[in-house]
Amino acid sequence: MSHSFYITTLGCPKNTADSREMERSLLLEGFQPADDAESADFHLINTCSFIESAREQTIETVFEAIDVKEAVQSKRADQKLVVVGCFTERYQAAVTEEWPEVDFSFGTGLYHRAGALIREAFRIPRPHDSEISSPFEHLKRRERHPYAPVKVSDGCDRKCAFCAIPQFRGAFRSRESDEIFTECSDLGAAGVREICLVSQDTNAFGGKPEALVDLIERLNTIDSLHWLRLLYLYPDKKTERILRLLAERGLNRSKLVPYLESPVQHVSSSVLKAMKRAGDSSYFKDLFALARELFPGLEIRTSFLLGFPGETAADVDELHRFVEETRLEKMALFAYSPEEGTSGYALGNLPDPDETKERINELRQTHLKVLADIHLQRVGQTYRCMVDELHPTEIICRRPQDAPEIDETVVIPFKYQKGMKLPAPGDLVEVEITGFFEYDMEGRLTGAEPV
């Protein structure tokens, strides 16, 4: 008898990649995917504990899952709740003591053994190989997005004063290039058209910039893929070298999209020094200018962490000037939360939390003014976009400059007429931008056939 599973994933694209690794392990052990948590024999929650809000979401999700488990048990056979990942790695004792309803838990680094671990924990006999369906065949059958995150590494060796990731993800470890290539090839054969390469520290892959560029060059040969996207490039000399190498090899005009995600976290020299981060406002401006020079049409995404101990109004003013002068297309804002075990945890002189919220809102308004001007320049331009979703009255797609799930989308309204040929998720279509909202855009198909 086969057992079913459902995975709830919290957090970033890296967690999504880990959940896919768990899914593959469970399928190889003969477990079958369920349509939802309520119908699953095993409900796995892949948790996040990066910052306070992520921990709160994890706790809320686990309590909701406990309610689901109790409702299921009142109607049919027992359901098992399994909590895994970052939160468990960091707070294993609390998970065991505070949540007796959780039947099993394990931390990071064991995703590839999820199926075997659950079999061993619950003494479930492994079915005969003939009864186990291929994970690859399941990928092909299952309805999924046309994009997928793929991890190039795990862990981090940096010592940022605000970040606890090294505590529960461990030291930096690159994956083998052959393993990454095989995974991307399999995903392409299963219908995925965009690969987002993710990690805690992408530009450290392979120990030198050439290793990451070699990987991109190799992935560029996978015919079934339309786009490749690099996420999380630390803003330093390594990233500068990577950008130059990509351009030298002609990969700035390949499947690699014109997109740079480089989280600077702040631009004030004094705040960055306290954060134990490299760079300053001048260097970041030069780095972003170089990226735009080398990659035609490139857009930039960065993030800022406000409210770090010692931050002053003058430091925040510097952020405003940076946003206005660099004309950032995309920006994420976070409020600092002290993390146990980090060097920043014991620092005093924390800005007032309400003041930090106000500073975040003011910086967001500065960015929205910049973005409105950028949007106006986009209107009338035509982009080759990837279709993400198809609805009865609208198509949702993205430009190459927009990462899935975190950046803007282009909404294309339409009225269906009999015989109308519509694109499918993963197709590339020519779209003219006709308008915009606060973040997202509106467009129309130009009539060219989808690719």
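Readers should treat all values here as calculations from the given coordinates under stated rules, not as data from a laboratory. These figures come from a predicted structure and were not determined experimentally. Backbone-built Cβ (ideal geometry, glycine too); neighbour counts: all protein chains shown.
Here is how the numbers come out for the structure above:
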{"read-out": "Over 26 Å between alpha carbons, listed pairs LYS151/LYS238; LYS151/LYS237; LYS69/LYS151; LYS208/LYS276; LYS238/LYS285", "value": "LYS69/LYS151"}
{"read-out": "Inter-part distance where the range 377-449 and the range 332-376 are each reduced to a Cα centre, Å", "value": "32 Å"}
{"read-out": "Student exercise, the chain dipole from Lys, Arg, Asp, Glu Cβ charges, in Debye to nearest 20", "value": "1180 debye"}
{"read-out": "Amide N of the range 21-39 lying under 19 Å from the label point, which is placed 7 angstrom from the Cα of ASP67 along Cα→Cβ", "value": "36-39"}
{"read-out": "The chain, relative contact order in percent, only Cα pairs under 8 angstrom and at least six apart counted", "value": "10 percent"}
{"read-out": "Relative exposure of MET275, MET420, judged by other C-beta atoms within 10 Å (fewest first)", "value": "MET420, MET275"}
{"read-out": "Loop-located GluC sites (Glu not before Pro) in the range 338-416, at most 12 other Cβ atoms within 10 Å (DSSP)", "value": "GLU340"}
{"read-out": "Farthest toward positive dipole pole in the chain [+1 Lys/Arg, -1 Asp/Glu at C-beta], among GLY435, GLY307, VAL68", "value": "GLY435"}
{"read-out": "Mean ellipticity per residue at 222 nm, deg cm²/dmol - from DSSP H runs of n ≥ 4 across the chain, formula -39500 (n - 2.57)", "value": "-11500 deg cm²/dmol"}
{"read-out": "Built amide H within the under 5 Å cut-off of SER4, gap 5+", "value": "GLN32, ASP41, PHE42"}
{"read-out": "Förster radius 30 Å - calculated FRET efficiency between ARG253 and ASP178, Cβ distance, rounded to 0.05", "value": "0.70"}
{"read-out": "Spread of Cα-to-Cα distances over 5 Å intervals beginning at zero, given as percent, for the range 340-451", "value": "2, 10, 17, 17, 12, 9, 8, 7, 6, 6, 3, 1, 1, 0"}
{"read-out": "Check: the range 278-349 dipole with +1 on Lys, Arg Cβ and -1 on Asp, Glu Cβ, in debye", "value": "220 debye"}
{"read-out": "Inter-probe distance in nm under a simple model that places probes 7 Å from Cα toward Cβ, at GLN92 and GLN167", "value": "1.5 nm"}
{"read-out": "Unpartnered cysteines - no second Cys beta carbon under 4.7 Å - across the chain", "value": "CYS12, CYS48, CYS86, CYS156, CYS184, CYS196"}
{"read-out": "Relative contact order (%) - the range 343-409, alpha-carbon pairs under 8 angstrom, separation at least six", "value": "16 percent"}
{"read-out": "Beta bridges per DSSP with both ends in the chain, % antiparallel, nearest 5", "value": "35 percent"}
